[in-house]
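Readers should treat all values here as calculations from the given coordinates under stated rules, not as data from a laboratory. Remember, predicted model here, so these are calculated numbers, not experimental data. Neighbour counts run over all protein chains shown; Cβ positions are idealised from the backbone, glycine included.
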Amino acid sequence: MREIVGHDVSTARQMGWTTIKNGVLLALASQQFDVFVTVDRNLAFQQNLEGLSIVVIVLRAHTNRLADLRLLVPDLMAAIESAEPGTVLFVGSG
């Protein structure tokens, strides 16, 4: 997403991780990234982030369409700057 300026962004598809389940996915992501952004609202409750050096940010929009998610970019950017590893933050209210 071009709107996330100043950060390297990769999708699970680009990383070849589309078939990997959440726990393993977060472990892999924590080895290569500082922040994991998802629309999966359950992920934060299903996974133990303790000991992982990654921040999980859950986007909550009215739909998962890119147009709706783009509206959350300013709040996402603020969350990225203030987040602490091993935490989950929710952005948006959809």
Original post:
Can you give the angle from 0 to 90° between the axis of helix 22-32 and the longest principal axis of the chain, with both taken from C-alpha atoms, to the nearest 10?
Top reply: 90
Original post:
Taking 0.36 nm per residue of separation and subtracting the Cα-Cα distance, what length does fully extending THR11 through ARG41 add?
Top reply: 9.1 nm
Original post:
Which entry is the computed Rg and Dmax of the Cα atoms in Å for this structure: (i) 18.1, 65; (ii) 12.3, 38; (iii) 12.5, 34?
Top reply: (iii)
Original post:
Taking neighbour counts of Cβ atoms within 10 Å as a proxy for exposure, in what order, fewest first, do VAL39, VAL24, VAL9 appear?
Top reply: VAL24, VAL9, VAL39
**OP:** First select every other residue whose beta carbon is under 14 angstrom from the beta carbon of ASP40; then total the charges, Lys and Arg +1, Asp and Glu -1.
**Re:** +3
Original post:
Taking the Cα atoms of region 6-51 alone, what are Rg (to one decimal) and Dmax (as a whole number) in Å?
Top reply: 10.6, 30
Original post:
Given the Cα-Cα distance of GLU81 and ASN22 and 0.36 nm per residue of separation, how much length would full extension add, in nm?
Top reply: 18.9 nm
Subject >> Summed residue charge, Cβ within 13 Å of GLY86's Cβ, Lys/Arg positive, Asp/Glu negative >> reply: -3
Original post:
Given H placed on each backbone N at 1.01 Å, which residues far from VAL35 in sequence or on other chains put an amide H within less than 5 Å of it?
Top reply: VAL55
Original post:
Based solely on its DSSP helices, what 222 nm [θ] is calculated for the chain when runs of n ≥ 4 H residues each add -39,500 (n - 2.57) and the sum is averaged over all residues, nearest 500 deg cm²/dmol?
Top reply: -9000 deg cm²/dmol
Subject >> Residue order, fewest to most surrounding Cβ atoms within 10 angstrom, among ASP68, ASP8 >> reply: ASP8, ASP68
